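Heads up: the structure comes next, in structure tokens.
The values are calculated or read from the model by the stated rules, or taken from the named source; none is laboratory data. The structure presented is a predicted model; accordingly, all values stated were derived computationally and were not measured. Using ideal geometry, Cβ is built from the backbone for each residue, glycine included, and neighbour counts are taken over all protein chains shown. Ligands, DNA and RNA are stripped out before the accessible areas are found, and what is left, the full protein with its side chains, is counted by its heavy atoms. Shrake-Rupley method; radii C 1.70, N 1.55, O 1.52, S 1.80 Å.
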Amino acid sequence: MSVAGPACAEVRKAAADLVSFLNKAVTPFHAVDECSRMLREAGFRELKETEHWKVQPKQKYFVTKNRSAILAFAVGGAYKSGNGFSIVVGHTDSPCLRVKPVSALKSEKFLQASHFFLDDTTVFQVGVSTYGGGLWRTWFDRDLSLAGQVVIIQNNSIVRKLINVEKPILFIPNLAIHLETDRTKFECNNESNLRPILASYAALELNKCDEKKSDAEETDPRKVVKDHHSVLLDLVAKHANCTPEEIIDMDLYLYDTQPAVVAGVKDEFVSGARLDNLIGTYTSVRGLIESVENAASLESDMNIRIAACYDNEECGSQSAQGAESAFTEWVLRRLSAATADAKNPVAFEEAIGKSYLISADQAHACHPNYASKHEDNHRPAFHGGVVVKINHNQRYATTGLTHAILKQIAHVAEVPLQKVVVRNDSPCGSTVGPILSSGLGLQSIDVGCPSLAMHSIREFGDTTGIYHAKKLYSTFFQQLPSVLQSLQ
């Protein structure tokens, strides 16, 4: 489909809506918060993991895990216990820098001297951990901010709050080229060179940057005031509407304050952070929401439609909120047993054979400056459609049958598909697709929107990919049962 084609306005709206989502979803917590808001507006009701569930046909629900993973589901009007699940999944996390539990770093001069000898050259730095396989060289010379979850103690209750500082407060400057011994290559030690500058001593009052903590604060395991610079805790506390002493833990992420945008001479590109994989998160959830806007299709659906977005994919998915946990199986089992007609003891096992899963994660478009990195016959292009990922060693879950099923659905949706296979002399990434496929025994396929600069602090995609993916997933939710019934 051409950008200038009949769906031009729809393409641009899909891209603009995605960009708005990207700029709010600066951490997995914020991504889930935004997804929850969209789902509530569409009539979905939140269920708690600790509650007893009773789900009804034609009703819509969602549940979160750790507030950084979310599963939303709409029950078909013709659903019976033992019927299948139509599932699209993504993940909420992206490679980034995260604040260490003890983040207070000072320049070497400070560590060696009494605070009375501090001068204007002393800087305060924040210790960070690398999360996922990021292109860390792209984090230099950026205006960075902080966001995430803050855990506080108030009235003897543990309270979780989301914060987003928004303004640039952290910086990792490059070494000037004049001081480089080899100017032809970039080298970075991830421990010693990825230390963001937070503030200079000259800008802080002495009694605020090196306060003497009370003995009670030093021994109370809940207190974190000794672990972080006071200027950082003061800022976090301000945004969490609490005092620094009330903070007992933090999950803080660094991010680039430059917003995502629709870009290009013809407004044909999306440029921004976290495209991998908030595009998968956004399009799966929007696809589910748009599928149930057709009330007649939901009323006649025999399946439960599910959009699931997990945390921690970038570091292996082995967490309670990750795709490799038992959480997905438990949710599916609860859904099999939560309807009024749930009397079949093997309903869940029967449902698996009637189900199908799409893993939606970004795909590599062919880079025009590095075309030789791509297999000759498999070079996905921008505006060419959703990319089906194939690997015969099962780094992706796609099979000939699952590919054929999706082709039939894409035909109905009028959405083009592309194919990608990595070169035999190149490593191949993976997704949550094989994890869920093997763990649950689900028929699965791996797909994604084409993109460039994957795992950079700023990635690059096409606008039509967003439109195509959203339409494909919406059609998938509506068409899967009939397509599966046609199998012989």
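Before moving on, here are some points about what is shown:
- 0 to 90° range, to nearest 10: angle between helix 230-240 axis and the chain longest Cα axis: 40
- Packing, as the average of other Cβ atoms within 10 Å across residues, places the peptides 285-294, 26-35 in the order 26-35, 285-294, highest first.
- 3J(HN,Hα) along the range 69-83: 9, 8, 10, 10, 8, 10, 8, x, x, 9, 5, 10, 3, x, 6 Hz, from the Karplus curve 6.51 cos²θ - 1.76 cosθ + 1.60 with θ = phi - 60°, whole Hz, x for Gly and Pro.
- Once backbone amide H atoms are built at 1.01 Å from N, GLU459 has GLY272, ALA273, ARG274, LEU275 as its partners under 5 Å, excluding neighbours fewer than 5 places away on the same chain.
- Distances between placed amide hydrogens fall under 5 Å for GLN418 paired with VAL386, VAL387, VAL388, all partners being 5 or more residues away or on another chain.
- The chain - share of DSSP beta bridges that are antiparallel (%, nearest 5): 70
- Computed helical MRE - 222 nm, the chain, DSSP H runs ≥ 4 contributing -39500 (n - 2.57), nearest 500: -9000 deg cm²/dmol
- Computed with every protein chain present, the accessible area of LEU235 is close to 40 Å² [probe 1.4 Å].
- Close amide-amide hydrogen proximity is noted between ARG142 and ILE172, each under 5 Å apart and 5 or more residues distant or on a separate chain (H modeled in the peptide plane; Pro and chain starts excluded).
- Multiplying the residue separation of LYS373 and GLN408 by 0.36 nm and subtracting their alpha-carbon distance yields 9.5 nm.
- Computed in the context of the full set of protein chains, the accessible area of the chain at 1.4 Å probe radius has 50% of its extent on carbon or sulfur.
- Shown in residue order for the range 398-406 are the 3J(HN,Hα) couplings computed by the Karplus curve 6.51 cos²θ - 1.76 cosθ + 1.60 at θ = phi - 60°: 4, 10, x, 5, 5, 5, 4, 4, 5 Hz (x for Gly and Pro).
- Angle between the chain longest axis and helix 463-485 axis [Cα atoms, degrees, rounded to 10]: 40
- In Hz, Karplus ³J(HN,Hα) per residue of the range 341-352 (6.51, -1.76, 1.60; θ = phi - 60°; x = Gly, Pro): 9, 6, 10, 7, x, 10, 4, 5, 4, 5, 5, 4
- Taking the longest Cα principal axis of the chain as reference, the axis of helix 275-292 is set at about 40 degrees.
- Cα shape, the range 437-488, gyration tensor, a/c 1.5 rule: oblate
- On a per residue basis, the chain carries 45 Å² of accessible surface, using protein heavy atoms and a 1.4 Å probe.
- For a modelled paramagnetic label at GLN154, 7 Å from Cα along Cα-to-Cβ, the residues of the range 230-251 in reach, with backbone nitrogen under 16 Å, are 236-250.
- Each other residue within a Cβ distance under 10 Å of GLY433 adds +1 if Lys or Arg and -1 if Asp or Glu, for a net charge of 0.
- Heavy-atom accessible area for TYR131, with the other protein chains in place and a 1.4 Å probe, reaches approximately 20 Å².
- Relative contact order of the chain, pairs being alpha-carbon contacts under 8 Å that are 6 or more residues apart, as %: 23
- Counted by Cβ distance under 14 Å from PRO173, the other residues give a net charge of 0, where Lys and Arg count +1 and Asp and Glu count -1.
- Sorted peptide list for 177-190, 455-468, 314-327, criterion being average Cβ within 10 angstrom, highest first: 455-468, 314-327, 177-190
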